[in-house]
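S.K.: Sharing a structure with you now.
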Amino acid sequence: MDRGKIRALALFSGGLDSALAIKTVLEQGVDVIALNFVSHFFGGKNEKAENMAKQLGIRLEYIDFKKRHTGVVQDPVYGYGKNMNPCIDCHSLMFKIAGELLEEYDAQFVISGEVLGQRPMSQNSQALEKVKLLSGMHDLVLRPLSAKLLPPSKAEIEGWVDREKLLDIQGRSRHRQMELMEKYGIVDYPSPGGGCLLTDPAYSDRLRIVEEDGLLEEKNAYIFYLLREARFFRFAKGRYLFVGRNHESNMKISEFTAEGNGEFFAYSAEVPGPRLLSNVNLTGEEKEFAKKLFSTYSKVKGNERVNINICGIIEEIDIVDKEKFEKEKKLYQII
């Protein structure tokens, strides 16, 4: 094969490791197209990825795999990490989809910035092999940063890349990666760290409730967003109320409502305050609780009567006994 036509697809977050993996392969004359995978929990058009792609001089594509990724989060073959993060299954899915795109992008293999031993559970040698096997990609996966410590990939065997010019990085320290980036003149990169909501303990606790209630499904994707951005109240199994924290989450609640999500929506056009959304029709008791919530979180702080629009009907909220209501709130609020 003409070496000038060799191309790789790269799993690309825009962070240090994925950028260095790409640079390592670019240095060997291989063309690289970066794929930033977009789920409900990570990825998406962002300044970090755009800036790094520009520094590397590569093409960046966003790959929406929300629906397929939700399926992995629902039922991962290799289970979860410390939180709700199915890292092995998630990486496998990204490799699998990248493999499906090889022909479309006229590419021969796939690379990633994974480093042997960087994450004890998901990046040990056995886990890296599981990722390859589950993805069905086998020897089409090249991990440039640790390649010399791993079995040769097809790209190395076929001579598409020179194994001797690949790296032997392992462990959690990123000092060597940083030194190499400095050598290449790439100094503007984000600090190493997560970016996936599923590794966040507080978010995972909330999502686990949704999973245990049987609502971890693609049709409830709006709930995944509100778990992060809104105050979360649970009346009973599968009966939720979300309350906006700020202008952004209020606008999102309005957007989700306009798209037909949820069964209960409330706001006030008279008094600044949160917008409320529930995935179910509230009972009379639950609706009264929601009204008090609005009042206490609104500008009047529960101290004045106020009107609220509930599903198109204007209702009045009386002055709230805040001491009594604070105790009631604790029964349902998920911190």
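The values are calculated or read from the model by the stated rules, or taken from the named source; none is laboratory data. These numbers were taken from a predicted model, which means no experiment stands behind them. Backbone-built Cβ (ideal geometry, glycine too); neighbour counts: all protein chains shown. Note: areas computed on protein heavy atoms with side chains; ligands, DNA, RNA excluded. Shrake-Rupley method; radii C 1.70, N 1.55, O 1.52, S 1.80 Å.
S.K.: Are any of the residues in the range 316-328 in contact with a helix residue (DSSP H, G or I) (Cβ under 6 Å, 6 or more places away or on another chain), under 25 Å from His69 (Cβ atoms) and assigned to a helix (DSSP H, G or I)?
M.R.: Going through the range 316-328, the residues in contact with a helix residue (DSSP H, G or I) (Cβ under 6 Å, 6 or more places away or on another chain) turn out to be 317, 320, 325.
Next cut, under 25 Å from His69 (Cβ atoms) only: none.
Scanning the range 316-328 turns up no residue that is in contact with a helix residue (DSSP H, G or I) (Cβ under 6 Å, 6 or more places away or on another chain), under 25 Å from His69 (Cβ atoms) and assigned to a helix (DSSP H, G or I).
S.K.: I'm told Pro192 meets every condition in (1) at pLDDT 95 or above; (2) farther than 23 Å from His69 by Cα except one. Can you identify the failing condition by its number?
M.R.: Going through (1) at pLDDT 95 or above; (2) farther than 23 Å from His69 by Cα one by one, Pro192 breaks only (1).
S.K.: When the range 105-140 is examined, which residues are found to be among the hydroxyl-bearing types (Ser, Thr, Tyr) and either surrounded by fewer than 18 Cβ atoms within 10 Å (Cβ to Cβ) or closer than 16 Å to Pro76 by Cβ (or both)? Can you show your working first?
M.R.: Start the filter on the range 105-140 by keeping residues that are among the hydroxyl-bearing types (Ser, Thr, Tyr), which leaves 105, 112, 122, 125, 135.
Tyr105, Ser122, Ser125, Ser135, listed by residue number.
S.K.: Tally time: how many residues in the range 259-298 are over 18 Å from Phe325 (Cα atoms), open to solvent by 30 Å² or more (accessible area, probe 1.4 Å) and not in a loop (DSSP other than H, G, I, E, B)?
M.R.: Residues flagged as over 18 Å from Phe325 (Cα atoms), open to solvent by 30 Å² or more (accessible area, probe 1.4 Å) and not in a loop (DSSP other than H, G, I, E, B) within the range 259-298 amount to 2.
S.K.: Return yes or no: is Glu255 outside any loop (DSSP other than H, G, I, E, B), surrounded by fewer than 20 Cβ atoms within 10 Å (Cβ to Cβ) and touching an Asp or Glu at 6+ places or on another chain (Cβ under 8 Å)? I'd like the intermediate steps shown before the answer.
M.R.: Details: outside any loop (DSSP other than H, G, I, E, B): yes; surrounded by fewer than 20 Cβ atoms within 10 Å (Cβ to Cβ): yes; touching an Asp or Glu at 6+ places or on another chain (Cβ under 8 Å): no.
Criteria not met by Glu255.
S.K.: Moving to a separate point now. Evaluate the range 153-164: report whether one residue or more is touching a Leu at 6+ places or on another chain (Cβ under 9 Å), β-branched (Val, Ile, Thr), crowded, with 23+ Cβ neighbours inside 10 Å and assigned to a loop (DSSP other than H, G, I, E, B).
M.R.: Scanning the range 153-164 turns up at least one residue that is touching a Leu at 6+ places or on another chain (Cβ under 9 Å), β-branched (Val, Ile, Thr), crowded, with 23+ Cβ neighbours inside 10 Å and assigned to a loop (DSSP other than H, G, I, E, B).
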